[in-house]
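Everything below concerns the one structure shown next.
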Amino acid sequence: MTSWKFYGRRDELEAIKLLLTRGRWYFCAISGRRRIGKTSLIREALLEAGGESGLAAALYVQIPDSDERDVVSVFADALAAFADANPGRLPATLAPDRLRRFSDMARAIGALCRAGIFVVIDEFQYFNRKSLAAFTSLLQAEVDALTGSANGGIFVLGSIHTEMTALLEDRGSPLYARVTDRLTLDHWDFATLFQVFADQGLDSPRDWLTFWAVFEGVPKFYRDCAYQGTFAADGRSAADRIIDTLFLSARAPLLEEAGTWFLRELRGAGVSLLRLLARQQPCAHQQLSAAYAESLGDSRSFATYLATLIDRYRLVERLNPVFAPASNRQARYQIGDNFLAAWLAAIEPAVQAARVQPPAQALRIGEVRLENHEGPTFERMVRKLMAEASRRGVDDFPLTELVHGYWNRPRDAARLVEIDIVAVNENDRRVRFGSCKRAAAKHTPAALATFGQHVDDFLGTATGRRFKGWQQERALYSPLFAPAERQSLAAQGYACVDLADYHRWLTPTDSR
């Protein structure tokens, strides 16, 4: 195991370094989910661009969800800390103890930029709150005065997409059309994750699924795993190690994460809807609506809360069958953030149980529930792996569109048809139907017969008949196939693809 380092993000890192060194003022917006590494990315770029020369000195401030007085106080503290760490760099006109109002804070940001100091404002979306909104007009005046100059720059970081959009892209916003550069940070890609796993000595594909099912590609969580020794194989399952060291132990660094950063923003019925979805995802609209009405005794607000979770917070994904229009009525819904889904479905129940039950029993509760959570999560993992490998040109099935599944409603057909993976290559007229199981042994003769029947039934539907004359493939996906299993299934006409295959495809030869 190696010490922790900065992983991935090379394209984004180069983009930030270009801003820092091009000698022209900028106003850059960076958005992405919390803990995705926005601040770490800027810190790394400042280190690489500044080196020992101090060229890339920056002031960082995290905006609290509070009022004007508290925000200005936090900014003044950040300014004082910057002055202590960078003697002689703060403009003589700036005195942290004299900042009282938003107008003082905006002028201070302008003065910092003119002095060639970069300003990083985190949690910028809170300025969309009514109590803080006045600051954006004051900042606009400074931004307009700085535009076209050669010194400094401002980074604004935010984690709630719609509120960042309202602040920076709505025509009525004071900061409309002021952004000069924009970056959106997504999860680490799998190529980066495989590098992390290799560095940390995690070599079991089965464990890769468990870690991804909880942490997806969020850098901060994997760093916590490294610091707490969670990667180290000690005879326990990966689920046991994760729940114990990160959520149940005395140090438990992630115990408050979901409540602090997700559920606090939502509260009330929005949280209740997420809990219902976590228990039975992916879930049809009618099924979820009925569960909501039964749980809360009110179905009128369901559509509003669901739309908010999808559009504003981007915590819920709407899944459509392959080739279905966006407005179709067969959509299914799932929580789009693995950490939140794992917390609600498996980890929170274990944490609650640990308050009154022996630790071993609480761990077992979490482990069993996490195994159930891994089922639908593995399908999501396979779809993303297929997309990344195809994008890099290294997969065994090049795609011409994103991977979907297929399902119908029993009243629409003689029987239910459900296929995990429908991958399409229009150019070569190839279609691949896939079945995903979180253990290779679950691809039993009965499961294969059911899979085959569902594919045959699908090919008889109006959607499936479009593949007549195409090369049709049937593939099985699991974290790992033993050689004998792979050979036996291949003899029956199935392609077998596992996480070890994707590791081989996505890991550069010189890094193995």
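The values are calculated or read from the model by the stated rules, or taken from the named source; none is laboratory data. All figures in this text were calculated on a predicted structure; none of them were measured in a lab. Here the Cβ positions follow ideal geometry from the backbone for every residue, glycine too, while neighbour counts run over all protein chains shown. Ligands, DNA and RNA are stripped out before the accessible areas are found, and what is left, the full protein with its side chains, is counted by its heavy atoms. Shrake-Rupley method; radii C 1.70, N 1.55, O 1.52, S 1.80 Å.
Before moving on, here are some points about what is shown:
- Proximity of backbone amide H atoms, modeled 1.01 Å from N, is registered between PHE155 and CYS28, VAL119, VAL120, ILE121 at under 5 Å, excluding neighbours fewer than 5 places apart on the same chain.
- Carbon/sulfur fraction of accessible area - segment 59-179, other protein chains in place, 1.4 Å, %: 47
- Sequence-ordered 3J(HN,Hα) estimates for segment 358-371 from the Karplus curve with 6.51, -1.76 and 1.60 and θ = phi - 60° stand at x, x, 4, 5, 5, 4, 5, 4, x, 5, 5, 5, 5, 4 Hz, glycine and proline given as x.
- Cα convex hull of the chain - mean projected area over all directions, nm²: 27.8
- Solvent-free Debye calculation, one equal scatterer per alpha-carbon of segment 14-92: log10 I(q)/I(0) at 0.16, 0.20, 0.22 Å⁻¹ equals -0.77, -1.12, -1.24.
- Stokes-Einstein diffusion for segment 61-120 at 4 °C, viscosity 1.567 mPa s, with a Kirkwood radius from C-alpha pairs, works out to 112 µm²/s.
- Of LYS17/LYS130; LYS5/LYS220; LYS437/LYS468, those spanning more than 23 Å from alpha-carbon to alpha-carbon: LYS17/LYS130; LYS437/LYS468
- Considering segment 366-512 at the alpha-carbon level, its Rg and Dmax are found to be 15.7, 54 Å.
- Compactness of segment 317-431 - radius of gyration and Dmax, Cα, Å: 18.3, 59
- Inter-probe distance in nm under a simple model that places probes 7 Å from Cα toward Cβ, at GLU14 and ALA500: 3.5
- Rounded to the nearest whole angstrom, the semi-axes of the ellipsoid equivalent to segment 456-512, taken from the Cα gyration tensor as √(5λ), stand at 30, 16, 9, largest first.
- Per residue solvent-accessible surface (Å²) - segment 287-425, probe of 1.4 Å: 46
- Solvent-accessible heavy-atom area per residue, rounded to whole Å², over segment 65-224 at 1.4 Å: 40
- Long-range HN-HN contacts of GLY405 with modeled amide H, under 5 Å: VAL322, VAL422
- Interchain or long-range residues, amide H under 5 Å from VAL316's placed H: ILE310, GLY336
- Taking 16 Å as the cut-off, the amide N atoms of segment 245-287 that come nearer than this to a point 7 Å along the Cα-to-beta-carbon line of SER299 belong to 284-287.
- Simple label model, 7 Å out from Cα along Cβ direction - ARG100 to LYS5, nm: 5.2
- Cα-only Debye scattering, segment 234-388: base-10 log of I(q)/I(0) at q = 0.11, 0.14 Å⁻¹: -0.48, -0.76
- Simple spin-label estimate for ALA250 and GLN471 in nanometres, 7 Å along Cα-Cβ: 6.1
- FRET efficiency, ALA134 to THR21 (Cβ-Cβ, R0 30 Å, nearest 0.05): 0.30
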